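Notes follow once the structure below has been shown.
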Amino acid sequence: MESSAEDRLGAEWRAENDAWIADRLAGQGIAATGPVHTVRVRAWSIVRRLETSAGRIWFKANVPSNGFEAAVVEALAAWVPELVVPPLAVDRDRGWLLGPDGGTILRETAQRPDPVRWAELLRTYAGLQRAVAPHADRLVGLGVPDLRPARMPAALAGLLADPTVRLAEPHRAALVRLRPEYDRWCADLAADGLPASIQHDDLHDGNVFVGAAGLRFFDWGDACLAHPFGSLLVALNIAADQLDADPAGPELSRLRDAYLEPWTDLRDRADLRHSVRLALRVAKVGRAVSWQRALRGATAPDWRRALGGPARIAPEHTTAPAAWLEALTEPDPDQPAG
């Protein structure tokens, strides 16, 4: 019989977490009106929830290697408070994050995906990246992985040398042959004059709240400091699926251009579109690194203690780093025209 999410936590860790939540709420004059419920346990994160006198409140913990999310949300709340849900409390050492309910998720607001809302999401998110770019060094200081273009050739080499990234030999050989060209893509991106910024790395309409105050972005556990346009890799893939749109068709081109609008004071549109094409390639290695980091974190002793034993890792997750690298060896899929 499948255990409940609550039963999948270590008893000692759960007691510590309950006490920490109660203490942080009491310090702000908030009273719990019910117990803390564990709503999701993944190999890399834990999400819990409780009802209080101040409304519904959420808790999140990440594997140690992704524990920077708590500090990042705290920092974003200072830099772009209108675009995130400000936390109620964080524990940077343990990577614990406590915050109020963010409201309705964008994906849940309509019966069918809406390209207009997708365009708004991408345009607003680009504005967030522009605002955060001056804080790049601060992000690295908070523990955000530094995946700026100049560092990506070494990241690819590290993945190829990792025995846990199990690549079929034809793909490994193809990646070795591709490395000089990949290095050139990274060099071109590094020289395009666009500032590195926070790269969400899992940007889609399921990670955005919508309300009277506008859009607010959450779930920063996969984030990195990188070429900003890498965020389009996941976003455009999911948008194409949801909208049943041709990746090279006008609908995706409009979404890409909506994202690029806040950057047009820095480069002309043709140069920006060229950088998008390069970033969509380079970011595949970043996605592999993100999965590699999460899977390593899932084996950390402190995380095993939180879960009361080994993390349950689905087969499709263990192969994710290799899958993203293999995608790099395939011909470029059709990309938005223009």
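General remarks:
- For the condition in a helix (DSSP H, G or I), buried (at least 23 other Cβ atoms within 10 Å of the Cβ) and at negative phi, residue 260 does not qualify.
- Residue that is least open to solvent (accessible area, probe 1.4 Å) [pool: residues in the range 291-320 that are farther than 21 Å from residue 167 by Cβ and of a type in the set (Lys, Arg)]: 305
- Among the candidates 240, 288, 248, 235, residue that is open to solvent by less than 50 Å² (accessible area, probe 1.4 Å), under 25 Å from residue 329 (Cα atoms) and not in a helix (DSSP H, G or I): 248
- Filtered residue count, the range 190-225, keeping only those that are within 23 Å of residue 138 (Cβ to Cβ), open to solvent by 20 Å² or more (accessible area, probe 1.4 Å) and either assigned to a helix (DSSP H, G or I) or of a type in the set (Val, Ile, Thr) (or both): 1
- Residue that is farthest from residue 320 (Cα to Cα) [pool: residues in the range 38-81 that are open to solvent by 40 Å² or more (accessible area, probe 1.4 Å) and part of a loop (DSSP other than H, G, I, E, B)]: 53
- Criterion: more than 24 Å from residue 152 (Cβ to Cβ), in contact (Cβ under 8 Å) with a residue 40 or more places away in the chain and not hydrophobic (A, V, I, L, M, F, W, C) - qualifying residue of 297, 286, 309: 309
The values are calculated or read from the model by the stated rules, or taken from the named source; none is laboratory data. Note that the structure is a prediction, hence the values are computed from the model and not measured. Every residue, glycine as well, gets a Cβ built from its backbone with ideal geometry; the counts of neighbours run over all protein chains shown. The accessibility values were calculated without ligands, DNA or RNA, using every heavy atom of the protein model including side chains. Shrake-Rupley method; radii C 1.70, N 1.55, O 1.52, S 1.80 Å.
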